[in-house]
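The values are calculated or read from the model by the stated rules, or taken from the named source; none is laboratory data. All values derive from a computational prediction rather than experimental measurement. All Cβ positions, glycine included, derive from the backbone under ideal geometry; neighbour counts span all protein chains shown.
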Amino acid sequence: MRQLIDCVPAYVRNFESYTPSRPDAVLMGQYGVSRLYRLNNNENALGPPPAAREAIAAYPSQQAAVYPSGDAYALRQALATRFGKDPDQFLVGNGSCEVIGSVIRAFCQQGDAIVTTDKTFAVYEWVAAFSGVEARLVPLRDYALDASAMLAAVTDATKVVFICNPNNPTGSWWKRGVLERFLEGLAGRAVVVLDEAYREFVDDAEFPDGMEVMERHPGVLVFRTFSKMYGLAGLRVGYLCGSREAVDIVRRTHIVYSVNGLGQIAATAALEQDAGHIAATRHMVAEAQTFLRDVFDALGLEHVSGAGNFIMARMPVSDTLLYRRLMRHGVMVRTMTGFRFPNWIRVTMAREEAMAAFAKALRQTLDKS
Ligand SMILES: Cc1ncc(COP(=O)(O)O)c(C=O)c1O
């Protein structure tokens, strides 16, 4: 009989699966703490906007027995209204992570390549790797995506280029001119994914609006998510927006019914009167950024942040060791060695109480090392 492993393609066999963190209750027991500040996933500490909270509370439990809309019909209508587009220009996924897979399946076959960077959201690289698609990783320059080097990395084999704007984890972002010159240079040779997961955190006139850019460039797909600004990470809703032709192609490789009904309802409601929620979140993030920059400066630690609700800092000790020590104080951060930033940590910017708890735990931890 064949061994199970013999049935596995080499690119799957060689792929190391990602281990997510354990549930809070398990971690609290393990580290002996009664409170855990999760600062590892760039979630919104303010939670979802009021209308989404109400929609979640009003969800009739009987509705759980019924399949949701298979293509997020009402949510796509709401997105179309919000962005002045056709509902068929949107494809909704179980988080934007799912949409990454759909795009790679739609445009790439084994032996093709994607272009991304060495220090960015890693899921693009991972999905390519376990799909038999080569991920060309262009090094960052000064913590930012290097437009000319990314352009130079594009070959005939390249089918998709992933641009994380703003970039997770460095917070850097391309201004409008940089993106326009990049798209001109690329001249439609590959599909471009503009991942704008943190777009709503940016309040700067020079930030390019993907929703406008994609109208002029039919090969551009914009990704957005309800996990970050909209505080719905637990319900898993993300989406892409593109030309009708591009969306029609990606739809073929996208699993229908993958987005749960409660998520669809909550995301639709989240778009209603969201200005107050966005302003409050931006305010919280700005305060936390100032606070954390001061904390790292006072400790003499190099740090990097920009747009988005996260900040990275280089630690004088092993990041995994530091992680465990911070966990004993009930503070969870993201270790970054696995993301090619050895001994850096990434911290989500959250409420004052969580930021103070992190700062106190960090000072105590470093004092002892
Ligand atoms: C840049 C970027 N894109 C996409 C995602 C995935 O978001 P979702 O929760 O919609 O799958 C994340 C989540 O951390 C992210 O940082």
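Numbers for the structure displayed
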item	result
Qualifying positions in the stretch 221-234 - surrounded by fewer than 24 Cβ atoms within 10 Å (Cβ to Cβ), touching a residue at least 12 places away in the same chain (Cβ under 8 Å) and not in a loop (DSSP other than H, G, I, E, B)	A233
Residue count, the stretch 83-111 (criterion: touching a helix residue (DSSP H, G or I) at 6+ places or on another chain (Cβ under 9 Å), more than 12 Å from the ligand (Cβ to nearest atom) and either part of a loop (DSSP other than H, G, I, E, B) or basic (K, R) (or both))	6
Members of the stretch 344-365 found to be within 17 Å of the chain's Cα centre (by Cα) and part of a helix (DSSP H, G or I), listed by number	none
The stretch 235-281 - residue that is assigned to a helix (DSSP H, G or I) and among the β-branched types (V, I, T) and, of those, surrounded by the fewest Cβ atoms within 10 Å (Cβ to Cβ)	I278
Which numbered condition T290 misses (of (1) outside the structural domain of Q62 (by TED's automatic domain parsing); (2) among the β-branched types (V, I, T); (3) crowded, with 16+ Cβ neighbours inside 10 Å)	(3)
Selection within the stretch 27-41 - assigned to a helix (DSSP H, G or I) and either aromatic (F, W, Y) or surrounded by 13 or more Cβ atoms within 10 Å (Cβ to Cβ) (or both)	L27, M28, Y31
Odd one out for E200, checked against (1) in a loop (DSSP other than H, G, I, E, B); (2) closer than 30 Å to A286 by Cα; (3) not aromatic (F, W, Y)	(1)
Selection status of L75, within 16 Å of the ligand (Cβ to nearest atom), assigned by TED's automatic domain parsing to the domain that holds G231, in contact with a helix residue (DSSP H, G or I) (Cβ under 6 Å, 6 or more places away or on another chain) and more than 30 Å from E353 (Cα to Cα)	yes
Set L321, L326: member being farther than 27 Å from L232 by Cα and either loosely packed, with under 14 Cβ neighbours inside 10 Å or modelled with pLDDT of 95 or more (or both)	L321
Hits in the stretch 112-148 (condition: more than 15 Å from the ligand (Cβ to nearest atom), of a type in the set (D, E) and outside any loop (DSSP other than H, G, I, E, B))	E134
Single condition F341 does not satisfy, out of (1) within 24 Å of the chain's Cα centre (by Cα); (2) not in a loop (DSSP other than H, G, I, E, B)	(2)
Any hit, the stretch 241-257, residues being outside the structural domain of E353 (by TED's automatic domain parsing), within 13 Å of the ligand (Cβ to nearest atom) and under 18 Å from Y73 (Cα atoms)	no
Condition check for D24: without any contact (Cβ under 8 Å) to a residue 12 or more places away in the chain and either closer than 30 Å to H283 by Cα or loosely packed, with under 12 Cβ neighbours inside 10 Å (or both)	no
Cβ pairs under 7 Å, 6+ apart, first in the stretch 167-185 and within 11 Å of the ligand (Cβ to nearest atom), second aromatic (F, W, Y) and part of a helix (DSSP H, G or I)	P169/F339
Condition check for N44: touching a strand residue (DSSP E or B) at 6+ places or on another chain (Cβ under 6 Å) and not in a helix (DSSP H, G or I)	no
One residue from Q109, Q62 being surrounded by fewer than 18 Cβ atoms within 10 Å (Cβ to Cβ) and touching a Lys or Arg at 6+ places or on another chain (Cβ under 9 Å)	Q109
